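Heads up: the structure comes next, in structure tokens.
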Amino acid sequence: MLFFVIFLPFLTLSTLSWVIPAAASLIAAAVVAAALLLRDRIAGRSVKLVTLSSAVLCLGLGVLLLCHPSIDTLTVRTALDAGLLAVVLGALALGFPFTLQYAREQAAPEVVRRPEFIRTNYVLSLAWIGALALMLMADIAALWFPSAPLWAAVVIAFAVRSVTVRFTKWYTQRARKRLVALPAPASALH
């Protein structure tokens, strides 16, 4: 369910882009992201970096496309993927793997303080960075080779996203088992 919520703005964008203009699809995706931000705030949860970035990027690109309708959809999608990759890379460079926001809300406070928990989130964030980089490369390849079928980039993006979701679930379960098997840190015993 969590992955569905995280990707809801992008699912909105990709679904609507088949039936309405790209600018309207982007603005709709921004509205969905804003609704998710509002939902999190009402529930007392933190503002998620990926959701906030999605809202800003989709709205900005939607407005840009309204002002310059000659920009093609693939270029917009490439810009969106590049923007999101830049955000998660920047967060990691600042020592904040973006997955921490989601993981902290699902883990016990004593687990969140463990170095293994932080390390797990670095691994998961790196996996998602790799996925975003691969999706961006597929978009760039589609731009460079316009004769290639557009569905190829879509299939690659879907496959990469699906594999990364599966990896995230598997790695998270593995990490939970390892954390349970480890003794509590000395500071937690006092």
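The values are calculated or read from the model by the stated rules, or taken from the named source; none is laboratory data. What you see is a predicted model, and the numbers here were worked out from it, not measured in a lab. Glycine also receives a Cβ, built like all others from the backbone with ideal geometry; neighbour counts cover every protein chain displayed.
List of remarks:
- Of all residues in segment 108-166, those satisfying the criterion of being among the aliphatic types (A, V, I, L, M), part of a helix (DSSP H, G or I) and farther than 17 Å from T78 by Cβ are V111, V112, I118, V123, L124, L126, A127, A159, V163, V165.
- Here A142 passes the criteria (1) under 22 Å from G60 (Cβ atoms); (2) at pLDDT 90 or above except the one numbered (2).
Residues checked against (1) in contact (Cβ under 8 Å) with a residue 40 or more places away in the chain; (2) within 17 Å of the chain's Cα centre (by Cα):
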residue: P115; (1), (2): no, no
residue: V123; (1), (2): yes, yes
residue: A127; (1), (2): yes, yes
residue: M137; (1), (2): no, yes
residue: A141; (1), (2): no, no
residue: W151; (1), (2): no, no
residue: F158; (1), (2): no, yes
residue: R161; (1), (2): yes, yes
residue: T164; (1), (2): no, yes
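Yes/no matrix, rows are residues, columns are (1) touching a residue at least 24 places away in the same chain (Cβ under 8 Å); (2) of a type in the set (D, E):
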| site | (1), (2) |
| --- | --- |
| T12 | no, no |
| L26 | yes, no |
| V32 | yes, no |
| L49 | yes, no |
| S70 | no, no |
| D81 | yes, yes |
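- Taken over segment 150-189, residues that are hydrophobic (A, V, I, L, M, F, W, C), under 22 Å from T99 (Cβ atoms) and at pLDDT 80 or above amount to 9.
- Residues of segment 61-119 that are of a type in the set (D, E) and within 25 Å of R176 (Cα to Cα): E105, E110, E116.
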